[in-house]
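Peer 1: If you scroll down you'll find the structure; I have some questions about it.
The values are calculated or read from the model by the stated rules, or taken from the named source; none is laboratory data. What you are looking at is a predicted structure, and each value in this text was computed from that prediction instead of being measured. Here the Cβ positions follow ideal geometry from the backbone for every residue, glycine too, while neighbour counts run over all protein chains shown.
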Amino acid sequence: MTVTIIWRGLALAFSKPTYVREKRTPESSATTLVVSIPLVTLSATMATTFTLAGKGLKLDTKEDLEKHIQPLIDSSDIKHIDLSGNTLGVPACAALAPILKSKSKLESADLHDIFTSRLLEEIPPALSSLLTALLECPNLHTIDLSDNAFGLNTKDPLVDFLAKHVPLQHLILNNNGMGPIAGTSIAEALQRLAEQKSAARKEGKDVPDLESIVCGRNRLENGSMAAWAKAYQVHSGMKSVRMTQNGIRPEGMSHLIGSGLSACSELEILDMQDNTFTVVGAGALAKAVGGWSKLKELGVGDDLLGARGAIKLFEELAKGQNKGIEVLRLQYNDITAAGVKALLQAARDGLPQLRRVELNGNKFEEEDPSVSDLAELLSERKEEVGKEDDPEEHWGLDELDELEGEDSDDEEEVEADDEEEDVREQVLKQADQEEDAKVTLKKDQEVDELAEAMQKTDMIGK
């Protein structure tokens, strides 16, 4: 008998789950892991997990906290703690801190959405209490701080933690309202973390790489891409990067990939959906993708690759340097019939493990021969190696119900793209020269206003 658990990141606690798949919710870019675990394993896991998840508790004081925290105090074997979906005040966090500090076996902490309805000035001292305590947990490798406001006035405790916590392997920061300034500070903290990890290794300590980052829906924009590129450059052991819906435009994307992610030769998952590539970003991706020989999933949906940009990418994939790719997310990219033909060729010649392709919302006809040939190819692979309990979305093409159809302007786009690329190359050179320039004070104020607005919205919701 098996039991299915749906929880963001909990799968990390299981060394041998029977089945793991990813489920994307349509209303956001968040990814949920759906894990099937033997019941005996589940029981053992529950004994090492403390959770108040989703209870909607308003824990203002030490007394409020003590009503719910006794099991955590009593256990010395806790490996995972989940406080998500509650709201914690400054006194409650101060009382919780010494308890967390004593949990030497703690491996993962889910602290997403724990400051709903709190005033902006409450967050730094509350967060500081929790993260300072967690710095004392030598086995804590995973932390989720999503859905908390980390603007300019609230980022400092997080920045301090990230710069110092050497055991960190998996970082989840989704929907934190950062903006480019706070985003830059966080990326710079990760650069300092790399230095700390290197120093610890020189002392003979066994130090893990930073392996995965989720940092989506944070309005990072181009202004923080220089810092993020440097962060990925020094954390070259990254295996999974998800930076969806960040308002990153072509020049920023090109710099992030060319000067940062291209150094991550161990990369298995790259999800950059809902940003803007155009032919410039697509060209940078095409140049880098061959260096990611372990890549399994590439998500560039809703990124405006463009007709020519998509073909550039598919031509590189056809060279056979990414034989492990299983999933391509390519929706809403202005991909034309010529692009689908190039994709089919790549699937045949260079992507023997490809099983799932998402193509809806592009500019070709569903009756195009390349579409049916691609669907047939994926179906044949499913028959060869698929399993009976594989979910439907694990294989084949997605539903093609929002195709635009190709128009006469698309043929002219290829030539226009080449001209655009020349212009943007000049822009990139200028951007490189100015990459260290500071974002204006106006940006600082905008981020503060955004973070404050997030808190006001939560308070109204309460």
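Peer 1: Among the listed residues L140, L152, which satisfies the condition of being out of contact with any Phe, Trp or Tyr (no Cβ under 7 Å at 6 or more places or on another chain), in a loop (DSSP other than H, G, I, E, B) and either more than 28 Å from E297 (Cα to Cα) or among the small types (G, A, S) (or both)?
Peer 2: That would be L152, the only listed residue that is out of contact with any Phe, Trp or Tyr (no Cβ under 7 Å at 6 or more places or on another chain), in a loop (DSSP other than H, G, I, E, B) and either more than 28 Å from E297 (Cα to Cα) or among the small types (G, A, S) (or both).
Peer 1: OK, next. Are any residues in segment 241-263 under 11 Å from the mean Cα position of the chain (by Cα), in contact (Cβ under 8 Å) with a residue 60 or more places away in the chain and not in a loop (DSSP other than H, G, I, E, B), and if so, which ones?
Peer 2: Matches in segment 241-263: R242 only.
Peer 1: Separate question: For the subset of segment 131-146 comprising residues that are touching a residue at least 40 places away in the same chain (Cβ under 8 Å) and closer than 15 Å to D113 by Cα, which member is surrounded by the fewest Cβ atoms within 10 Å (Cβ to Cβ)?
Peer 2: S146
Peer 1: Among residues belonging to segment 262-288 that are in contact with a Leu (Cβ under 7 Å, 6 or more places away or on another chain) and closer than 13 Å to L298 by Cβ, point out the one that is surrounded by the most Cβ atoms within 10 Å (Cβ to Cβ).
Peer 2: In this case the residue turns out to be A282.
Let's see how each residue does on (1) closer than 18 Å to A318 by Cβ; (2) free of Cβ contacts under 8 Å to residues at least 60 places away in the same chain; (3) assigned to a loop (DSSP other than H, G, I, E, B); (4) of a type outside the set (K, R):
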| site | (1), (2), (3), (4) |
| --- | --- |
| E365 | no, yes, yes, yes |
| V371 | yes, yes, no, yes |
| L377 | yes, yes, no, yes |
| K387 | no, yes, yes, no |
| L400 | no, yes, yes, yes |
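Peer 1: For segment 194-214, how many residues meet the condition of being in contact (Cβ under 8 Å) with a residue 40 or more places away in the chain and either in a helix (DSSP H, G or I) or β-branched (V, I, T) (or both)?
Peer 2: The number of residues fulfilling the criteria is 4.
Peer 1: Counting residues that are β-branched (V, I, T) and within 23 Å of E376 (Cα to Cα), which strands (runs of 3 or more DSSP E) fully inside segment 266-357 reach at least 1?
Peer 2: 327-329
Peer 1: Considering every residue within segment 308-327, establish whether at least one is at pLDDT 95 or above and closer than 20 Å to G216 by Cα.
Peer 2: Within segment 308-327 (the criterion being at pLDDT 95 or above and closer than 20 Å to G216 by Cα), the answer is yes, since at least one residue qualifies.
Peer 1: Counting only residues that are of a type in the set (D, E, K, R) and within 21 Å of the chain's Cα centre (by Cα), which one in segment 310-331 is surrounded by the fewest Cβ atoms within 10 Å (Cβ to Cβ)?
Peer 2: Among those residues, the one meeting the criterion is E326.
Peer 1: Here are some conditions: (1) at pLDDT 50 or above; (2) under 29 Å from the mean Cα position of the chain (by Cα). I69 meets all but one. Which one does it not meet?
Peer 2: Condition (2) is where I69 drops out.
Peer 1: Quick one: is R219 in a loop (DSSP other than H, G, I, E, B) and touching a residue at least 40 places away in the same chain (Cβ under 8 Å)?
Peer 2: yes
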